[in-house]
Amino acid sequence: MLLYSDFSLTELNTFNLEAKAELYAEISDKSDIESFVRKRKYLEMPRIVLGNGSNIVFSSKSFKGVVLKNSIKGIEVLEENEEQIVVKVASGEDFDSFVEYCVKKRFNGLENLSGIPGSIGGSVVQNIGAYGVEIKDYVQEVEYYDFTDFCFKKINASDCKFAYRDSVFKSVMKDTFITAVTLRLYKKFQPVLGYGNLMERISGINVLTPMILRKVILGIRFEKIPDYKQYGSAGSFFKNPEITKSASEKLLQQFPMLKTYETEDGKKLKLAAGQLIDLCGFKNIVEDDKVTVAKTNALIMINLGGATGKDIVNFAKKIQKSVKDKFGIKLEPEVVIC
Ligand code: EPU
């Protein structure tokens, strides 16, 4: 394992933000983590694990600390019978390539998560979700290295405290390096079609297969989510805020056009952050020719070219203030700002 100083991260974040890491190491194998921790002096420095850089904002041009880039690869089928497949995937694998692999092999369940940029490790930290499915629905176990006591461990999905874009790896188990994720997938194809107008989109299709569903999902994403290869972005910038049902009554009296969705436990309502930002007029605001939100979805902030992390963070603050002033709602970032 090689350590680099002043290493450029510009190509390693989908926002295309110019940034350098004080120290950088590529982790291609579990043994690389052990080699890194043997260099005790580096353990004192702040540390982040970088997957595909698709959900991160480097707020400064220089990250003062160590960036450990996750490049651990490998897919292994652990169990297979007529009904299920248990598959272990290394955390540095590209998330969508894994989804495509599963769809092709008819390891069913992940179709609705097609097209999400990111790594397998990041998908678990964030409990990524789209079109009515979250990765937590299929995770069985997560393997990780714990920097607090320097050893490899495993945790059952039931202990991962998965919630909307949240897991234990964002809080109490932040100081870890996820190495592999074990998922249980299914031979029987049971499409999840309840989200938005998904049902409508497949209505003309005679025989729905996992691959066709993947293509439909990729089509919807293509229409709504700009390609980060064209304009730097990190997908949804904020989480969709949750409010109590009683708070929603007052809000909906004032703004009857607001879309609401029940949370999974049915106790609260979720608002569409994209709609709130849209209604504040941000689709028509471009900051210094550098930052704006996507015309197709105001929840996605885009770097038109040359924006710095600071520009992104300042624009985010502007959005938060505007949404707070108009609706009394606090937007929380979905991206990781470091
Ligand atoms: N809307 C507007 N104006 C906008 C954007 C959205 O009115 O500018 C409305 C839409 O018409 C729709 C509602 O808001 O009725 C929700 O929009 P959409 O279905 O596009 O979903 P979203 O809330 O913007 C969430 C996830 C996405 C995920 C989609 C589909 C979060 C933070 N984002 O977006 O995830 O792909 O649902 O399930 O939960 C990501 O996490 O990076 C991400 C892209």
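The values are calculated or read from the model by the stated rules, or taken from the named source; none is laboratory data. All values reported here derive from a predicted model rather than from experimental measurement. Positions of Cβ are backbone-derived with ideal geometry, glycine not excepted, and every protein chain shown enters the neighbour counts. Side chains included, ligands, DNA and RNA excluded: accessible areas come from the protein's heavy atoms. Shrake-Rupley method; radii C 1.70, N 1.55, O 1.52, S 1.80 Å.
In table form, for the structure just shown:
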{"quantity": "Any hit, the range 165-174, residues being surrounded by 16 or more Cβ atoms within 10 Å (Cβ to Cβ) and charged (D, E, K, R)", "calculated": "yes"}
{"quantity": "Where a residue in the range 213-236 is more than 14 Å from Pro117 (Cα to Cα) and its partner, wherever it lies, is within 14 Å of the ligand (Cβ to nearest atom) and open to solvent by 70 Å² or more (accessible area, probe 1.4 Å), with Cβ under 7 Å and at least six apart", "calculated": "Val216/Arg201; Ile220/Arg201; Glu223/Thr296; Lys224/Thr296"}
{"quantity": "Output for the range 156-182, where each listed residue is assigned to a loop (DSSP other than H, G, I, E, B) and free of Cβ contacts under 8 Å to residues at least 12 places away in the same chain", "calculated": "Lys161, Ser171, Val172, Lys174"}
{"quantity": "Selection count where residues are within 13 Å of the ligand (Cβ to nearest atom), open to solvent by 70 Å² or more (accessible area, probe 1.4 Å) and not in a loop (DSSP other than H, G, I, E, B), scope the range 211-247", "calculated": "4"}
{"quantity": "Single unsatisfied condition, Gly65 versus (1) open to solvent by less than 30 Å² (accessible area, probe 1.4 Å); (2) part of a loop (DSSP other than H, G, I, E, B)", "calculated": "(2)"}
{"quantity": "Looking only at the range 105-143, and only at residues there that are farther than 17 Å from Ile155 by Cβ and among the polar types (S, T, N, Q), the one that is farthest from the ligand (Cβ to nearest atom)", "calculated": "Asn108"}
{"quantity": "Breaking point among (1) farther than 30 Å from Ile212 by Cα; (2) open to solvent by 10 Å² or more (accessible area, probe 1.4 Å); (3) part of a loop (DSSP other than H, G, I, E, B); (4) not polar (S, T, N, Q), for Lys73", "calculated": "(1)"}
{"quantity": "Any hit, the range 274-288, residues being free of Cβ contacts under 8 Å to residues at least 60 places away in the same chain, more than 8 Å from the ligand (Cβ to nearest atom) and acidic (Asp, Glu)", "calculated": "yes"}
{"quantity": "Filter result (surrounded by 22 or more Cβ atoms within 10 Å (Cβ to Cβ) and touching a Leu at 6+ places or on another chain (Cβ under 6 Å)) within the range 298-320", "calculated": "Gly309"}
{"quantity": "Candidate set from the range 256-273 (those that are over 23 Å from the mean Cα position of the chain (by Cα) and within 12 Å of the ligand (Cβ to nearest atom)); member that is nearest to Asn297 (Cα to Cα)", "calculated": "Leu258"}
{"quantity": "Scope the range 117-134; condition hydrophobic (A, V, I, L, M, F, W, C) and surrounded by 24 or more Cβ atoms within 10 Å (Cβ to Cβ); matching residues", "calculated": "Ile120, Val124, Val125"}
{"quantity": "Conditions (1) open to solvent by less than 20 Å² (accessible area, probe 1.4 Å); (2) at pLDDT 95 or above; (3) among the hydroxyl-bearing types (Ser, Thr, Tyr): number failed by Thr263", "calculated": "(2)"}
{"quantity": "Subset tally (residues that are small (Gly, Ala, Ser) and farther than 22 Å from Pro117 by Cα) for the range 42-61", "calculated": "1"}
{"quantity": "Failed condition for Leu12, given (1) over 23 Å from Asn303 (Cα atoms); (2) buried (at least 17 other Cβ atoms within 10 Å of the Cβ)", "calculated": "(1)"}
{"quantity": "Verdict on Gly196 being in a loop (DSSP other than H, G, I, E, B) and within 11 Å of the ligand (Cβ to nearest atom)", "calculated": "yes"}
{"quantity": "Which listed residue, of Val323, Val335, is surrounded by 18 or more Cβ atoms within 10 Å (Cβ to Cβ), within 16 Å of the ligand (Cβ to nearest atom) and within 25 Å of Gly53 (Cα to Cα)", "calculated": "Val335"}
